[in-house]
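Input: a single structure, listed below in structure tokens.
The values are calculated or read from the model by the stated rules, or taken from the named source; none is laboratory data. No experiment lies behind these values; they were computed from the predicted model shown. In this analysis, Cβ positions are derived from the backbone assuming ideal geometry, glycine residues included, and neighbour counts consider all displayed protein chains.
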Amino acid sequence: MKYFYSIIALSAFPCFLPAQEVITGAIIHDGLERNYRLYLPPADMTGEALPLVFNLHGFGSNATQQEFYSGMNAVADTAGFYVCYPNGRSNAWNVGWSFGSTADDVGFINALIDELSANYNIDPQRVYSCGMSNGGFMSYRLACELNTRIAAIASVTGSMVPEYFGNCNPGRAVPVMEIHGTADDVVPYEGEADISLPIDSVIGFWAANNGCTPGPAAENLPDTAPLDGSTITRFDYNGCDDGHQVSLLRVNGGGHTWPGSILSIGSTNQDISASVEIWRFFSRFTLGEISALEEAAEAEPVLRLYPNPTAGLIHLEAGAAPLQVTLYNAVGQALLQEQLSGATTLDVSAWRPGIYLVEARSAEGLTVLRMVKR
């Protein structure tokens, strides 16, 4: 199976790791012994509560290899955060595939947060998850199911499983970053039936879930390493609920690799360090900020739409000011544009089930709402 390719290749590479700052541990969860590695930064001695980042390995890999491959310990040294590298069962994470692990990995990570918090001074408002490939898939599952404890997630070469996708109901805006190569032949950018969704669809889903303004800000990053055979275009979805941004770093020509890694396998981009970019993203978000969502809900809406969710008809009511209303699907395609003053009813029974964005523009500004089509 090709999902082992380029991941277990790391097992042939010697892993020289700074042992004096790493502890190993194990817990029993769901009747199974689960183990992990935890990197302690120098700031661990200050007595200050520090952030915790879970860094999850790929399919066929393990915690030790991911620690070496990602190089995240060096970032933790400078920024001052713990990095936990857990091991999946059978070198895999349970993300909804018909193969790999069947373990309760969401429960394991939840229990591991409790275990580490009981023994180290961890800030419960600043716990994050990132991962490579299968570990990126798992981080998305945590964003769906454990976002009351995980403040933000990032995926490198990961995606979401089509069969599991329909079960993801986050219930809140979750900051998400994806780093993915267009020449990835293991988890293709365009997706693969029964294995992975197209990356643009994944990002569109989270941008809609977070209530972001449709149409991302795009930026071509400097090509500082022209010999690596790839460049990076960054897309940031802004205007999201509570500022919970969704970002995509598209590695043009990049393969199934961790950008900036010292171990260059395939087409590895060296214009950025994925570990640095992930921490820069994480450091902007805490769990405590979700309270602003509740405050915003109390404000008088510019546009009302009901029933929501809907299977057929949707009623839209504008206030006194006329609105330019545009409806987008989860990948940012405009399906309908209408000048609205007063009320109107739309029949969306023929639309595909999923999440849609309703953008209402007026002289006072922009409002973006989510609509769920059953």
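With respect to the conditions (1) surrounded by fewer than 21 Cβ atoms within 10 Å (Cβ to Cβ); (2) over 17 Å from S155 (Cβ atoms), A208 lacks only one, and its number is (1). Note on region 199-284: enclosed strands (runs of 3 or more DSSP E) holding 2 or more residues that are among the β-branched types (V, I, T) are 231-237, 246-252.
Which residue, of N110, N91, is surrounded by fewer than 21 Cβ atoms within 10 Å (Cβ to Cβ), in contact (Cβ under 8 Å) with a residue 24 or more places away in the chain and farther than 22 Å from L248 by Cβ? Quick ask: steps written out before the conclusion?
Details: N91 fails: surrounded by fewer than 21 Cβ atoms within 10 Å (Cβ to Cβ).
When all the criteria are applied, what remains is N110.
Could you please let me know if V187 is within 18 Å of the chain's Cα centre (by Cα), aliphatic (A, V, I, L, M) and assigned to a loop (DSSP other than H, G, I, E, B)? So V187 passes the test. The C-beta contact set for region 310-325 (first residue closer than 11 Å to V348 by Cα and free of Cβ contacts under 8 Å to residues at least 60 places away in the same chain, second residue outside any loop (DSSP other than H, G, I, E, B) and among the hydroxyl-bearing types (S, T, Y), distance under 7 angstrom, 6+ apart or interchain) comprises L313/T345; H315/Y306; H315/T345.
In region 76-86, the qualifying residues are those that are in contact with a Phe, Trp or Tyr (Cβ under 7 Å, 6 or more places away or on another chain) and buried (at least 22 other Cβ atoms within 10 Å of the Cβ), and the one that is farthest from C168 (Cα to Cα) is A76. Among the residues here, A296 does not qualify as at pLDDT 75 or above, within 29 Å of the chain's Cα centre (by Cα) and surrounded by fewer than 14 Cβ atoms within 10 Å (Cβ to Cβ). Scanning region 126-172 for residues that are among the charged types (D, E, K, R), under 13 Å from F54 (Cβ atoms) and in a loop (DSSP other than H, G, I, E, B) yields a total of 1.
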